Amino acid sequence: MKNISVLLVDDHQLILELISESLEAVGSFSVTCVQTLEGAFQELSDHGSFDIVMLDIVLPEAVGLQEVKKVVELNENGQVIIFSGTATETFVQNCLDVGVSGFIPKTFTVDALSSALKFVATGQKFVPANFFTYRGGKLGKDRYCISEGEFEVLQKLAEGLANKDITNMLSLPETTVKMRVRSICHKLGAENRTQAVLIAQKSGLV
């Protein structure tokens, strides 16, 4: 089985050495290291796409959304993840919106990092479950395919309201509310509305 090719972009030599050696020791990765954004651009231009680009956003050069978008475009046949200890929720969400495949914090263990990279290499998006703490995070709704209408009902469920109360507050037929509750439970993998609220709270949805 072909190794997952990784371009690691970080300006700390120690991090480059430790992560590249650790990932290659796992046996499923081949890692190329660069210390600057310009070095990443050059590597991608010269050698084409990598399966995954791990991009730190604190480099000698300024790394904003436009720079991230350029890395995504240059690595068009692979994935890009933000690999940082300082990324904010808003910045990560904006990066996801321009094509980044996820965020991996530097607090991860090697095993967790390896598992996340393998997951991303399959074309999936990865963000730690507890990273998005704001209510109604877009990623959370996308992850569970929750529609806007279902999210409105989910918010009311989280407030402890009964179907009849939700019907009155949202001006919806009670049959519609029941259908949305049933759909929410199905999409969240919950057995009942109480469990659905608990899952949604744990995921940062509400």
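Seen through its C-alpha gyration tensor, with square-root eigenvalues sorted a ≥ b ≥ c, the range 4-121 comes out rounded because a/c lies under 1.5. The smallest convex shape that holds all Cα atoms of the chain, its convex hull, gives 131 Å³ per residue.
For the cross-link pairs Lys106/Lys156; Lys70/Lys202; Lys70/Lys187; Lys118/Lys187; Lys2/Lys202, the ones whose C-alpha atoms lie over 32 Å apart are Lys106/Lys156; Lys70/Lys202; Lys70/Lys187; Lys2/Lys202.
The charge dipole of the chain, taken about its Cα centre with unit charges on the Cβ of Lys, Arg, Asp and Glu (plus for the first two, minus for the last two), comes to roughly 1320 debye. Of all the options His186, His12, His47, the one that moves most in a Gaussian network model of the chain with Cα springs shorter than 10 angstrom is His47.
Each 10 Å bin from zero holds the following percent of Cα-Cα pairs in the range 164-206: 30, 47, 23. Once the mean of 1/r is taken over each pair of separate Cα atoms and inverted, the range 138-202 shows a Kirkwood hydrodynamic radius of 11.6 Å. Cβ crowding within 10 Å, taken as a proxy for footprinting-reagent exposure, orders Ser45, Ser147, Ser5 from fewest neighbours to most as Ser45, Ser147, Ser5. Considering only Cα atoms, the convex hull volume of the range 1-72 works out to 76 Å³ per residue. Between the amide H of Thr32 and those of Val6, Leu7, Leu8, distances stay under 5 Å, these residues lying 5 or more places away or on another chain, with hydrogens modeled in the peptide plane. Only Lys, Arg, Asp and Glu carry charge here, each on its Cβ (+1 for the first two, -1 for the last two); on that basis the range 138-202 has a dipole of about 180 debye about its Cα centre.
All of the numbers you see were taken from the coordinates with simple rules; none came from a lab. Treat the numbers as computed from the prediction; the structure is a model and nothing was measured. Neighbour counts are summed over all protein chains in view; Cβ atoms, including those assigned to glycine, are modelled from backbone coordinates with ideal geometry.
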